[in-house]
Every structure is written in structure tokens, then in C-alpha cells.
Amino acid sequence: MSARPQVRTGAAFDLAGDAAYQAWRTRKLACFPKSLAELVVEVRDPRALSSGERQALLERCERANMAIYASAAGGDPDKEIPRRLGLQLGLRDLDANHLADDDGISPLAVAARGTRGEFIPYTNRGINWHTDGYYNPAGRTVRAVLLHCVARAETGGENDLLDHEIAYIQLRDLDPQHVRALMAGDAMTIPARIEDGRVARPAQAGPVFSVDAGGFLHMRYTARAVSIEWKNDAATKAALSALERILEAPSPWMFRGKLEPGMGLVSNNVLHTRTPFADSPGHRRLIYRARYFQRVGAAAAAGNMRPHSSSIGEKR
Ligand SMILES: [Fe+2]
């Protein structure tokens, strides 16, 4: 099977012509991994990938916009692990949000008190479907996300994963008007964030689906009903309802994985969730999260596929 699903031109996402979409769709679905295990690449040292390991990660990201690495790094808390791994995959520019540590890599763990504890990522609560940084302005688009696991929780803390290109296909197959509605520049508005009586972030309107200069599809989305205003028309409501049904329905395209220490997820900011979790004295979940303005490097030589074993279970 060819493992090269994409030569993107952007034409595939143009609703005016169906031929390019159908051609891209056929290849995309034919190349898409059949199981989570197909996404997993065993790497010896994430800080210094071999050529083969690097190519294997890139190849999976081309097929599914995500890859999982499994390494022997275990519980090593060195932030250079995700940083250097990202660099080797072409990920250079970090989105340093105001809650991240100075180096732009956020340690996601339960915060006992303080500002972080007010934000769901720093609690043990579940997080519904979203893409990261959906509230960012267009100039700070989060195109890639890297999660590196230092410690797992006692129970829970799994991630559901859905390639946003698959979500696009499912929506367009249902009704191209759903895609049209979600590509509108005013489909979703992030209200201004007020802190201490001042506007910390102005309101931002933007699309759910957009196509970047390289012809790649980007998605901004959150299933949360708060802190977001959807365009109040029938087409947008219908599209959102359809998307919600897609995200709630079992499908072979959707994976569930749990990162163990030394493992990580590198993705082109695909749709994901997090299940609730419970820490114990011996297992306090710690995930390093890095958000980047680049996509995972696209230039890679073709490689042969081979199955990889994994301790992570498949969802469906
Ligand atoms: Fe996220």
C-alpha cells in the first residue's frame, strides 16, 4: 500500500469542484491507519531519532496527521525530550501562552491552587472534543501539538483522537453545505476575555475549517458551550449538529490511546478529548504540552510500512 496520501494543492477542499476532492478522499481513506497500533513508532531516544524513526513518524503524520512514539525515556522529566523531538520534526516556533512555563512547554498536571487551577487542562476533569488554540488569532494558528508523557495517572487520562481531515470528509459526505457553513469567516466567535476589568484578549471571529497557504486543512473547534458564540443561522446549526453526531458516534476512524511514561503524541492539531483521571501518591499525571505554529515536517522519503506492537488499546 502506498503510504503517501497527499500532494496537497488546496483544490481538494474547494467546494466548487468535486473531482479533486474525490481523488484526495479516495487516497486519504485508502492510506488511513486501520488501528491505533499503526500510529505507534518505537524510538530508542526521542532526543536523537534515527533516520528511520524520524521517517516513520513523518509518514504517519502524513497519513493520519498524528503519530505516537514509544520510547525508553520513561519518567525522565527533562523538557529537552519533547523540545528536541519537535525540532527533528520541523517544529520550531512554540506558542508560549501566558500559563506556559517560560520555555513555552506547558507541564499539564493537577494544580492545587493558583491561576492554573482555574483552567480545565490543569485539573483532573475530562475535556470534550476540541483542537488546541482554537481561541488564538489567525496570526498565532496552532498547527501542531506535541504531548509527552512523564507520568500517568492512577486511572484515566486517555485521549480520543480524530484526524480533522476525516471529520471534514464525514461532514462533506453528509452535505457539502455543512462544510460551507463551517468555512465561513464568522462561523465561530471567541468572546473577549476580560481580566481585572481589562480586555486581555479581544473578541475574534473566524472559521472552523480553513485552508492554509500550503493547501493544508486547518480546524478550529471546541464542543464546549461556554466562552464561544456560534453564528446564529440554520446552516451553522445544522453543520454543528452533524459534527456533534460524528464525534459522538463510534467509527473505525476514531482512536483512543493512553500515553504511558516515555510515550508521546505528535500531531497536526487533530481533534481530541481527554477522559477524567485520578492521581494517586505513586502516579501523578504529568504531560508536557508543546504547541507550534508549524505543521509537522512534510518532506520525507517514502518508507515501507511494517506493523508495530503497542501497549495501548484501541477504542473501537
Ligand atoms: Fe487539547
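The values are calculated or read from the model by the stated rules, or taken from the named source; none is laboratory data. Computed from a prediction, not measured in an experiment: that's the story for all the values here. Note: ideal-geometry Cβ built from the backbone for every residue, glycine included; neighbour counts use all protein chains shown.
Of everything in segment 14-27, what is part of a helix (DSSP H, G or I) and touching a helix residue (DSSP H, G or I) at 6+ places or on another chain (Cβ under 7 Å)? Give them in sequence order.
Across segment 14-27, the qualifying residues are 20, 21, 24, 25.
Could you list all residues from segment 178-202 that are in a loop (DSSP other than H, G, I, E, B) and more than 22 Å from the chain's Cα centre (by Cα)?
186, 191, 192, 196, 197, 202 - these are the residues of segment 178-202 that are in a loop (DSSP other than H, G, I, E, B) and more than 22 Å from the chain's Cα centre (by Cα).
Of all residues being assigned to a loop (DSSP other than H, G, I, E, B) and hydrophobic (A, V, I, L, M, F, W, C) in segment 28-68, which is surrounded by the fewest Cβ atoms within 10 Å (Cβ to Cβ)? Just the residue, please.
Looking at residues that are assigned to a loop (DSSP other than H, G, I, E, B) and hydrophobic (A, V, I, L, M, F, W, C), I get 48.
Is it true that some residue in segment 111-127 is buried (at least 16 other Cβ atoms within 10 Å of the Cβ), at pLDDT 95 or above, within 16 Å of the ligand (Cβ to nearest atom) and among the basic types (Lys, Arg)?
no
Every residue, every condition in (1) surrounded by 15 or more Cβ atoms within 10 Å (Cβ to Cβ); (2) touching a residue at least 60 places away in the same chain (Cβ under 8 Å); (3) away from the ligand (no atom under 16 Å from the Cβ), yes or no:
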position	(1), (2), (3)
244	no, no, yes
252	no, yes, yes
258	yes, yes, no
265	yes, yes, no
271	yes, yes, no
280	no, yes, yes
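Checking residue 286 against (1) crowded, with 19+ Cβ neighbours inside 10 Å; (2) closer than 19 Å to residue 162 by Cα; (3) not acidic (Asp, Glu), only one condition comes out false. Which one?
Here residue 286 clears every test but (2).
Name the residues in segment 55-80 that are over 19 Å from the mean Cα position of the chain (by Cα) and on the phi < 0 side of the Ramachandran plot, would you?
Residues satisfying the conditions are 55, 71, 72, 73, 75, 76, 77, 78, 79, 80.
For segment 234-246, does any single residue satisfy the condition of being charged (D, E, K, R) and more than 16 Å from residue 174 (Cα to Cα)?
No.
Could you list, in sequence order, all residues of segment 128-140 that are within 15 Å of the ligand (Cβ to nearest atom) and at pLDDT below 95?
133, 134, 135, 136
So, of the residues in segment 215-229 that are within 18 Å of residue 136 (Cβ to Cβ) and surrounded by fewer than 18 Cβ atoms within 10 Å (Cβ to Cβ), which turns out to be nearest to the chain's Cα centre (by Cα)?
Across segment 215-229, the extreme among qualifying residues is 223.
What are the residues in segment 141-165 that are part of a strand (DSSP E or B), surrounded by 21 or more Cβ atoms within 10 Å (Cβ to Cβ) and more than 15 Å from the ligand (Cβ to nearest atom), if any?
150
Taking the condition basic (Lys, Arg) and modelled with pLDDT of 90 or more, does residue 198 pass?
yes
Check off (1) within 16 Å of the ligand (Cβ to nearest atom); (2) among the acidic types (Asp, Glu); (3) at pLDDT 95 or above for residue 95 and give me the number that stays unchecked.
(3)
Only one residue in 57, 29, 36 is in contact (Cβ under 8 Å) with a residue 60 or more places away in the chain and farther than 23 Å from residue 150 by Cα, so which one is that?
Exactly one residue qualifies, and that residue is 29.
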